[in-house]
Structure formats: C-alpha cells, structure tokens
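Okay, structure first, notes after.
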Amino acid sequence: MPSADDTSDTLAAAQALLIPTYAPLPIVPVEGEGSTVRDRSGRDYIDLAGGIAVTSLGHNHPALRAALEQQAGRLWHLSNIFANEPAIALAQKLTDLTFADRVFFANSGAEANEAALKLARRHAYNNGHPEKYGIVALEGAFHGRTLFTVAAGGTPAYSEGYGPPPEGISHVPPGDAEALAAAVDERTCAVIIEPILGESGVRPLSPEYLRAAREICDRHDALLIFDEVQTGAGRTGTLFAYEQLGVTPDVLTSAKGLGGGFPIGATLAAEPQASALGRATHGTTFGGNPLACAVAGAVIDEVSKPELLANVAARHKQLTAGLAAADPDRTLFAEIRGAGLLIGAELTEPFTGRAKELQLACLDAGVMTLIAGANVLRLAPALNLTEAEAVEGLQRLTAAVETLRP
Ligand SMILES: *Cc1c(COP(=O)(O)O)cnc(C)c1O
C-alpha cells in the first residue's frame, strides 16, 4: 500500500508544476466504483460531489465504459471536416428528447455558452440588426471562464485584470422580473439564465419568474438562453430542468453531466434561430469528438430511463431529510434547497463563511462534498447513487456536522 508520503509528494508536485489557479483538497483520489472513491492511502470516500455535477452515473459505469472502449477501437478523431456517426447519433437523441432542432458540439460548458451567445448575436445580425447585440444576464450567475462567458457571468471578480470585456452585457438581480423587464429593450439579443443558479449557492428561480423572462424576451424579440450546464442531463429529475418549469428556451446549453466525466459541451437550439450560425461562422477542432459523443450517447440512454429519474427524486428526499436530521435544531443549516440531486445547504449567520471548513470536515469523515460560495454546502452526486451509499454518506456527513456544531 502506498505511504502517506506519496500523497504529500503528489500535492507538492501539483503545487510546483501547475499554474496555481486551483487549491486541491488534501487527498489524492485514484480509483472509484459507483459512488465510492479510494485515495492513494486506500481510504474510501462516499462521493457526493460527483466531480462538480459531472460523473452523472458514478465511477466506472459499465455502459459508459463499454461505449468508450468500443469507440476507442474504431475512431478517436476526425475533426469537423467529416461527419461522424457518434455525433449524429447523439444529436438525434438530444433533438428527439428536447425542444431543439439542431445541436452544436463543443468540449465544455464555457464553450457551449460561448456558442449560444454568439448565436444570439448572429441571429440578430442576420436579420438586419447589427446594433441588437445586448445581452442581459443575472448577478451571481456562472457561465464559464472564457472572456465572453466571465463577462456574461455575474461575478465581477472573475473578469478583473483581463482588460476590456466584450461590451453590451448588463446584469440584473436574479428573481426580479421588473428589473429584467427594465433591462431588456429592442437592442437586446438574448437573456441568459441558469434555472437554478449553481455556483452562486444553488438558488432556484421560480417558474413565475422564468415565465416572465420568456414573455419579456418574446416582447423584444430576444432569445431566451437557458444555461443548463449544471442542471441538465437528468440532474434535477427530468432530462433538462426546463421541462419542469413550463418555460421553453430558444437555446439551451449542456455540458458537465452530459459526458459523465468525458469532456463535452452542447448548444441546443430550435429553428429558425438554430441556423443563425451558418457555414464558417463558428467552429472547433474537437467539438463532436467521437469518443466524447459515444460516451454522452450512453449517458443519455441511461439518464432518460424512468427508473433513473425516479432514483433522483428518491435520493433527493433521502439526502435533504438526512441533512435536516444531521442538524435538527437548525444550528448550522439555515435552508436546505435545490432540485433532484443538486442540493444546497446554506449556513446560518453564526457560521457565515465556513462552508469550506465544513467541506474539509466532511472529507475527514470520509465523504466528498462541494461548496457553492462561502456559505453553502453543495451536493451533486451521481444520479444512480444507491440508497445504501446515501445512508453511508449521510452518516459520515452527520459526523462532520457534529464537529462544527457547538
Ligand atoms: C460549470 C458551469 C459552466 C462552465 O462549464 P465548464 O465546462 O467549466 O466550462 C457554465 N455554466 C454553468 C451553469 C456551470 O455550472
């Protein structure tokens, strides 16, 4: 069995060799099965983090492995100068199962959003309105880390120091339909919204607000873009969250859980807008990669099964009840919220800013969790998390909570 020194050596090497944008947690996971992960010292963890809402079917899922291995023996890459079968098959599934008529494949959530925002601008431009390039987004929203997507995101610190951001982007407070109505005008080409703001604290937006957003967009001929990079691919209990909200967007972006751990992003759009990005107006070398699309095709097959979606609902109940039971007098958790297997527990005032400390205590207790900002503990486990894995994870999480409660 490797010694603990291997872990500290790996972490020291990470610190020395990687451009220091990240601060890795103090373990080195090396293998996983379902929602159990083992680190270099052989210790096991229940994975309620899911690689930040990515490993939608856990680790080492047989169907995903089979899809990857089968495609690996055929073709890895062609580029978009050729059509490839896995990409077309995946596009067929995504369009059959959603409002969309066409798909653009990319490699990440940021790229999927970049394409969505470019599509919205190009749509207005193609219709003779080059001045109609305004984008309205929400304060606190997260849309990725390219310059365009951080500018669209609602965290000014993420744009700091990178020179002039793309112009024409404004922000309004989430959930305030009047503020949105006031910000959108005839120069607005798109409104971009996460149906549940993920990174900024797992904050769901109400169906009423989203319906108002739909009406406002229709009134001004602006596209409604739903960023479902975090909420999509079954995470909230339906293939995409919009299905539960009674609001259909014009453009939807997916990534994270879509690949189950293999990098992929997708921009879905209905016609006629979908054709706004015409030949040579946008592109990517790797987008539509056969390996990624083969795996994502298997993910879609699995996560659109009613049993799997029923499991999401059952585990939501179990995890939210377990979080509440871990803190019965609500000393620590002010609110437990979210949908499906995207769950946030906001800390009470006395624990403000201590989500990271709780996350570390969880890791110590053998359960991997996420935070969403400094005040929210976030869970985004695999959608096939079993009842037994959830029981074990909650036991460990409860032990961690005990170390923080006075
Ligand atoms: C993670 C995330 C992104 C960015 O995805 P990347 O793959 O990291 O580029 C965009 N939007 C939302 C809502 C996300 O949660």
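At a glance:
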read-out	value
Boolean, residue 191 is over 25 Å from residue 340 (Cβ atoms) and either within 16 Å of the ligand (Cβ to nearest atom) or surrounded by 20 or more Cβ atoms within 10 Å (Cβ to Cβ) (or both)	no
Whichever residue in the range 88-107 is within 16 Å of the ligand (Cβ to nearest atom) and either farther than 20 Å from residue 150 by Cβ or without any contact (Cβ under 8 Å) to a residue 40 or more places away in the chain (or both) and, among such residues, is most open to solvent (accessible area, probe 1.4 Å)	104
Flag for residue 202 being under 28 Å from residue 172 (Cα atoms) and open to solvent by 10 Å² or more (accessible area, probe 1.4 Å)	no
Sole residue being within 24 Å of residue 384 (Cβ to Cβ) and assigned by TED's automatic domain parsing to the domain that holds residue 276, chosen from 86, 130	86
Where residue 137 falls short, out of the listed (1) touching a residue at least 60 places away in the same chain (Cβ under 8 Å); (2) of a type outside the set (Lys, Arg); (3) part of a strand (DSSP E or B); (4) within 16 Å of the ligand (Cβ to nearest atom)	(1)
Count of residues meeting criterion [among the small types (Gly, Ala, Ser), touching a Phe, Trp or Tyr at 6+ places or on another chain (Cβ under 9 Å) and away from the ligand (no atom under 12 Å from the Cβ)] in the range 220-250	1
Residue match in the range 273-296 (condition: open to solvent by 10 Å² or more (accessible area, probe 1.4 Å), in contact with an Asp or Glu (Cβ under 8 Å, 6 or more places away or on another chain) and either not assigned by TED's automatic domain parsing to the domain that holds residue 86 or not hydroxyl-bearing (Ser, Thr, Tyr) (or both))	yes
Top-ranked residue of the range 239-253 - restricted to ones that are surrounded by fewer than 21 Cβ atoms within 10 Å (Cβ to Cβ) and over 11 Å from residue 98 (Cα atoms), ranked as nearest to the chain's Cα centre (by Cα)	244
Residue satisfying condition, being more than 13 Å from the ligand (Cβ to nearest atom) and of a type in the set (S, T, N, Q), within set 253, 267, 285	285
Every residue from the range 86-112 that is of a type in the set (Asp, Glu) and not in a helix (DSSP H, G or I)	101
Test for residue 85: is it within 16 Å of the ligand (Cβ to nearest atom), open to solvent by 50 Å² or more (accessible area, probe 1.4 Å) and not hydroxyl-bearing (Ser, Thr, Tyr)	no
Any hit, the range 4-21, residues being modelled with pLDDT under 95, open to solvent by 60 Å² or more (accessible area, probe 1.4 Å), more than 16 Å from the ligand (Cβ to nearest atom) and touching a Lys or Arg at 6+ places or on another chain (Cβ under 9 Å)	yes
Residue under evaluation residue 69, criteria (1) surrounded by fewer than 22 Cβ atoms within 10 Å (Cβ to Cβ); (2) in contact with a helix residue (DSSP H, G or I) (Cβ under 9 Å, 6 or more places away or on another chain); (3) among the acidic types (Asp, Glu), criterion not met	(2)
Residue in the range 366-385 that is without any contact (Cβ under 8 Å) to a residue 24 or more places away in the chain and more than 26 Å from residue 234 (Cα to Cα) present	yes
Unique match (being open to solvent by less than 10 Å² (accessible area, probe 1.4 Å), within 16 Å of the ligand (Cβ to nearest atom) and not β-branched (Val, Ile, Thr)) among 124, 120, 110	120
Residue in the range 38-52 that is within 16 Å of the ligand (Cβ to nearest atom), of a type in the set (Ser, Thr, Tyr) and open to solvent by 30 Å² or more (accessible area, probe 1.4 Å) present	no
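The values are calculated or read from the model by the stated rules, or taken from the named source; none is laboratory data. Just so it is clear, the model here is predicted, and its values are computed rather than measured. Backbone-built Cβ (ideal geometry, glycine too); neighbour counts: all protein chains shown. Remember, those area values only see protein heavy atoms, side chains included, never the ligands or the DNA or RNA. Shrake-Rupley method; radii C 1.70, N 1.55, O 1.52, S 1.80 Å.
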